[in-house]
Amino acid sequence: MGRLCVLLTLVALLGCKHQGAPSTDHSSGVARALIVGIDPTTPPFESLDPKTNQPIGFDVDVMDQIGRIIGAKIVYRIADFKTVFDGLNSRQFDAVISAVTITDDRKKVVSFSDPYVDIAQVVAARKDNSRVKNVQDLSRNDALVGVQTGTTGEHLLLVDALVQDKNLRRYDNVSLALADLKVDAIDAVVDDQPILLNFLSTPEFRGQLIVVGPLSQTESYGIVARKGDTALLQQINAAIKRLRDEGVLDRLVVSYHLR
């Protein structure tokens, strides 16, 4: 019976392994790593530091603060936004933070934390263009519009019938769409306001591309976890509340010019 109890105990422990919520190795006092998927192509939320080749940005600062509070070492794993939920559900990572808007459609396949920042979708166009001066021109002038694949911008354009599918140009990241807009290969680009404003402030696009109007009202970003990973989400939500109550989130929003 003693050996059977040991065996059952080992099985139970193995069955509980990697359930998302960070646990501490009490023999060493070191919290286990929390693997976080991130697509570092959307500054100021996430990009790669050219010196260290490590993710930096608002989302990284938020996630690092959460890791500090919940006692987890945050380890970032680079992912493609188009497939990041698949990677999460196949356990390539424990969570995702990557400028992910909370939507009902996404809630069908993953779970979200409480919101940690609010943004809006906007439309960018060439400063010298005559086809797109406002959002209504997208449909009125049969405009070609660039979007990042799998984003809420793509969804909004189609659902609101602002653009027909044949006029959408899909890209792996928004910087590629903006490069095409710069050379007049497309008429407009739709993305999250802070992301577009960040790109438009760079030497590559400054003075050539402008924001011509909002596409949506407020959307909220959330941290993503697998369905059923309630322990991890509870810890993340408690950490988000603490960061909000202590004013840390507000200070980061101001620091990154998100408001």
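Here are the numbers for this structure:
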{"read-out": "Debye-sum result for region 121-217 in log10 I(q)/I(0), which assumes one identical scatterer on each alpha carbon, at q = 0.18, 0.20 Å⁻¹", "value": "-0.69, -0.87"}
{"read-out": "Antiparallel %, DSSP beta bridges [both residues in the chain], to 5", "value": "60"}
{"read-out": "The chain, helix-only ellipticity at 222 nm - DSSP H runs n ≥ 4, -39,500 (n - 2.57), divided by all residues, nearest 500", "value": "-9500 deg cm²/dmol"}
{"read-out": "Over the chain, relative contact order from alpha-carbon pairs under 8 Å, at least 6 apart, %", "value": "25"}
{"read-out": "Pairs of alpha carbons in the chain whose separation is greater than 22 Å (percent)", "value": "58"}
{"read-out": "Reachable aspartates and glutamates from K127, criterion Cα separation under 16 angstrom, eight or more residues apart if same chain", "value": "D137, D180, D184, D187, E204"}
{"read-out": "Of the trypsin sites (Lys or Arg not before Pro) in region 144-218, those whose Cβ has at most 13 other Cβ within 10 Å and which sit in DSSP loop", "value": "R206"}
{"read-out": "Using θ = phi - 60° and Karplus 6.51 cos²θ - 1.76 cosθ + 1.60, couplings along region 83-95 (whole Hz; Gly, Pro as x)", "value": "10, 5, 5, 4, x, 4, 6, 8, 6, 6, 9, 8, 7"}
{"read-out": "Folded to 0 to 90 degrees: helix 230-245 orientation relative to the chain principal axis, Cα", "value": "60"}
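All of the numbers you see were taken from the coordinates with simple rules; none came from a lab. Since the structure is predicted, the reported quantities are computational estimates derived from the model, not experimental observations. Cβ: placed from backbone, ideal geometry, glycine included. Neighbour counts: every protein chain shown.
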